[in-house]
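A short write-up of the structure that comes next.
The values are calculated or read from the model by the stated rules, or taken from the named source; none is laboratory data. The model shown is predicted, which means the values in this text are computed figures rather than measured ones. Reconstructed Cβ throughout: ideal geometry from the backbone, glycine too, with neighbour counts over all protein chains shown. Surface accessibility is based on the protein's heavy atoms, side chains included, excluding ligands, DNA and RNA. Shrake-Rupley method; radii C 1.70, N 1.55, O 1.52, S 1.80 Å.
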Amino acid sequence: MSGMNPGMDMTTLNALAEPNRLNIVELLRDGPLTVGEIAQRLELRQPQASKHLKVLSDSGILEVKAEANRRIYKLRPEPFKALDAWAKSFQRVMEDRFDNLEEYLRELQNKEKP
């Protein structure tokens, strides 16, 4: 996709677009959790939670660590830094447009003066 920041990947947005996956990400903001804890807190069946966790892991949003017979999931910061940079790029564009509009309005006012 043209105009995207380096590191900003549509895979991240696609993964977060599904409500259950977004809920999982919101839940993991407070810290790492196991599949069972995630399923229980979000009232999902464990296979359903595992399916969503796989998508989030495959897209690079989550990191998984095996501890004994448990898998612990936590957020990776990189995709969120890329999203933040992408969102900030819109802010810069809008500020530039407002600056240009302000300059244009000043020019119009100056032309109207006798």
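Does at least one position in the stretch 30-43 carry a residue that is at pLDDT 95 or above, of a type in the set (D, E, K, R) and assigned to a strand (DSSP E or B)?
no
Looking at the stretch 47-89, which of the residues that are assigned to a loop (DSSP other than H, G, I, E, B) and in contact with a helix residue (DSSP H, G or I) (Cβ under 9 Å, 6 or more places away or on another chain) is farthest from Leu33 (Cα to Cα)?
Within the stretch 47-89, the match that is farthest from Leu33 (Cα to Cα) is Ser59.
Restricting to the stretch 38-59, count the residues that are in contact (Cβ under 8 Å) with a residue 40 or more places away in the chain and either hydroxyl-bearing (Ser, Thr, Tyr) or open to solvent by less than 50 Å² (accessible area, probe 1.4 Å) (or both).
Adding up the residues that qualify gives 2.
So Phe98 passes all but one of these: (1) open to solvent by 100 Å² or more (accessible area, probe 1.4 Å); (2) at pLDDT 90 or above; (3) assigned to a helix (DSSP H, G or I). Which condition number does it fail?
Answer for Phe98: the failing condition is (2).
Looking at Leu27, Leu62, Leu56, Leu105 in this structure, which one is over 13 Å from the mean Cα position of the chain (by Cα), among the aliphatic types (A, V, I, L, M) and at pLDDT 95 or above? Talk me through it step by step, then tell me what you get.
Working: Leu62 fails: over 13 Å from the mean Cα position of the chain (by Cα); Leu56 fails: over 13 Å from the mean Cα position of the chain (by Cα); Leu105 fails: at pLDDT 95 or above.
Every option except Leu27 fails the conditions.
Restricting the stretch 60-78 to residues that are within 18 Å of Pro19 (Cβ to Cβ) and among the hydrophobic types (A, V, I, L, M, F, W, C), which is most open to solvent (accessible area, probe 1.4 Å)?
Of everything passing the filter in the stretch 60-78, Leu75 is most open to solvent (accessible area, probe 1.4 Å).
State the number of residues belonging to the stretch 60-69 that are out of contact with any strand residue (DSSP E or B) (no Cβ under 9 Å at 6 or more places or on another chain) and free of Cβ contacts under 8 Å to residues at least 12 places away in the same chain.
2
Would you pick out the residues in the stretch 67-114 that are of a type outside the set (Lys, Arg) and in contact with a Lys or Arg (Cβ under 9 Å, 6 or more places away or on another chain)?
Residues satisfying the conditions are Ile72, Tyr73, Leu75.
Take Ala82 and decide whether it is in contact with a Gly (Cβ under 6 Å, 6 or more places away or on another chain) and either open to solvent by 90 Å² or more (accessible area, probe 1.4 Å) or among the small types (Gly, Ala, Ser) (or both).
In short, yes.
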